[in-house]
1. If r is the Cβ-Cβ distance from Asp183 to Ser24 and R0 is 22 Å, what FRET efficiency results, to the nearest 0.05?
2. What's the carbon and sulfur percent of the range 161-234's accessible surface, probe 1.4 angstrom, rounded to a whole number?
3. Could you check the spin-label model distance between Ile47 and Thr168? Points 7 Å from the Cα along Cα→Cβ, value in nm.
4. Report the extension gain between Asp93 and Glu127 in nm, rounded to one decimal, defined as 0.36 nm multiplied by the number of residues separating them, less their alpha carbon distance.
5. Please list, ordered by chain and number, the residues whose modelled amide H lies under 5 Å from the amide H of Ala94; skip anything fewer than 5 residues away on the same chain.
6. For the range 87-238, what is the accessible area per residue in Å², given a 1.4 Å probe and the full set of protein chains?
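The values are calculated or read from the model by the stated rules, or taken from the named source; none is laboratory data. All values reported here derive from a predicted model rather than from experimental measurement. Reconstructed Cβ throughout: ideal geometry from the backbone, glycine too, with neighbour counts over all protein chains shown. What goes into the accessible areas is simple: the full protein's heavy atoms, side chains included, and nothing from ligands, DNA or RNA. Shrake-Rupley method; radii C 1.70, N 1.55, O 1.52, S 1.80 Å.
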Amino acid sequence: IEKLVFFDVRVRSKVGGVWKRWRSDAYVQYGGEREWLTYTETLTSFIEPGATAIQVGIDARDMCKSWCGVYGNGQCHSHGPLIDNVRVVVSHDAFIVTTTNDAGAGSLREALTQLNASANGGVVRFEIPGAGPHVISISSALPVISKKTVIDGRTQPGYAGTPLVLITAPVAILTPVLELSADESQLLGLKISYPGAFGTVPAIRINSNNNVVQGCVVESCMEGIRIFGSDNLVGGTD
């Protein structure tokens, strides 16, 4: 970015097939002499919960006409390019499930444990060998999800719209199969089967806000999903 150029980075999200408004945190760079600098903007806070796609825009304006003589004399000021070498990078921690075992390396339980211990949460992906469907039978409660995360069953190779990852639990665990206590998390493309217990323990419990449950099959003789929170989306066009 060159001196005396005002700019901002904007993001808009596509949620439920609809593009939302642009969101940004305007940044202004100005000074006396010509100077190129590298600027990095983290876009996470601008992305709407449940977004399936985003667009990134950059607005740059040469303000030398207004500010030259106020902040420097504008010597060596150039009209272009105002911005060069733009790069957008997707960055997150990934926790990979590679086995249907209840515990141990590569298990869903281990992935959730590592996720909760991470600084910023991340994505739980599935790369279990074989054609599937793959059944993960848990014998005790899984860790309550305490960090923002996406548990994405659609990442299992072979997924074509029908869940290939099935998580089952016996009545005896007396806890939900999956429990979200962090805002803005997502459960996608999973099948969850739980007979339920005494009408008070659901297959999925959401104790937070702005979460998404989509593309999932939930089987329960008692309660499927119990929500304690606001602005949570269950189902939808996807």
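1. Details: r = 22 Å, r/R0 = 0.98.
After rounding, the FRET efficiency stands at 0.55.
2. Looking at the range 161-234 in its full context, I get 53 percent from C and S.
3. Calculated label separation equals 3.4 nm.
4. Values: separation 34, 0.36 × 34 = 12.24 nm, distance 1.55 nm.
Residue separation times 0.36 nm, minus the Cα-Cα distance, leaves 10.7 nm.
5. Those lying under 5 Å, H to H, from Ala94 are Val123.
6. Numbers: 7040 Å² over 152 residues.
Accessible area per residue, the range 87-238: 46 Å².
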